[in-house]
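K.L.:
I'd like to ask some things about the structure below.
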Amino acid sequence: MSTASQIIGTLTRFFATSGEQRSVIYLLRVPLQPLEEREVVKWESPDAKVGGSRDGEGMFPHIYFNDAEDEEVGFSENPDTKSRRLWIRKNEVESMMEVVSDIGCAGWEEGLKKLDGWLV
């Protein structure tokens, strides 16, 4: 998960493009408030080792499984850390957009320009 202001950094770090081929990624817009009300959001550093407030420097929203919802939703477990991550429900996704990094465009900046007004 990333906030709108974190998207470019997330894409650059985890979905780097070379400009030699067309790359496509799909972004989901998920309102955080309903997830925070379900108490499944934790604000952490990218490596999930440091927690903090929503406004903390470099903090990202991480979504974690809630035992009360064991029967309602699926989850995946990381065998290394024993952490369980909640799957986002379809009705929690507000919208989805395709972002394209075309040949000759190293990076996602041009593709993200087409989302002006969508990233909020």
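The values are calculated or read from the model by the stated rules, or taken from the named source; none is laboratory data. A quick note: this is a predicted structure, and the numbers were derived from the prediction, not measured. Cβ: placed from backbone, ideal geometry, glycine included. Neighbour counts: every protein chain shown.
K.L.:
If I filter the range 86-107 down to residues being within 16 Å of the chain's Cα centre (by Cα) and modelled with pLDDT under 90, which single residue comes out as surrounded by the fewest Cβ atoms within 10 Å (Cβ to Cβ)? If you could, list the steps in order and put the result at the bottom.
P.N.:
First, the residues of the range 86-107 that are within 16 Å of the chain's Cα centre (by Cα): 86-90, 92-99.
Among the residues that remain, those that are also modelled with pLDDT under 90 are: 86-90, 92-93.
On the way: L86: 20, W87: 12, I88: 15, R89: 14, K90: 6, E92: 16, V93: 12.
Applying the filter and picking the extreme gives K90.
K.L.:
Tally the residues that are assigned to a loop (DSSP other than H, G, I, E, B), free of Cβ contacts under 8 Å to residues at least 60 places away in the same chain and exposed (fewer than 13 other Cβ atoms within 10 Å of the Cβ), restricting the search to the range 17-47. Please lay out each step first, then the result.
P.N.:
Of the range 17-47, the ones assigned to a loop (DSSP other than H, G, I, E, B) are 17-22, 30-31, 38-40, 45-47.
Narrowing the set further to residues that are free of Cβ contacts under 8 Å to residues at least 60 places away in the same chain leaves 38-40, 45-47.
This time we only want the ones that are exposed (fewer than 13 other Cβ atoms within 10 Å of the Cβ), so: 39, 47.
Here the count works out to 2.
K.L.:
Given the criteria surrounded by 11 or more Cβ atoms within 10 Å (Cβ to Cβ) and at pLDDT 85 or above, does I8 qualify?
P.N.:
Details: surrounded by 11 or more Cβ atoms within 10 Å (Cβ to Cβ): yes; at pLDDT 85 or above: yes.
Yes; evaluated as a whole, the condition is true for this residue.
K.L.:
Could you count how many residues in the range 91-120 are in contact (Cβ under 8 Å) with a residue 24 or more places away in the chain and of a type in the set (S, T, N, Q)?
P.N.:
Looking only at that region, the number is 2.
K.L.:
OK, next. Would you pick out the residues in the range 104-120 that are closer than 14 Å to Q6 by Cα, in a helix (DSSP H, G or I) and out of contact with any Leu (no Cβ under 8 Å at 6 or more places or on another chain)?
P.N.:
The one that is closer than 14 Å to Q6 by Cα, in a helix (DSSP H, G or I) and out of contact with any Leu (no Cβ under 8 Å at 6 or more places or on another chain): E109.
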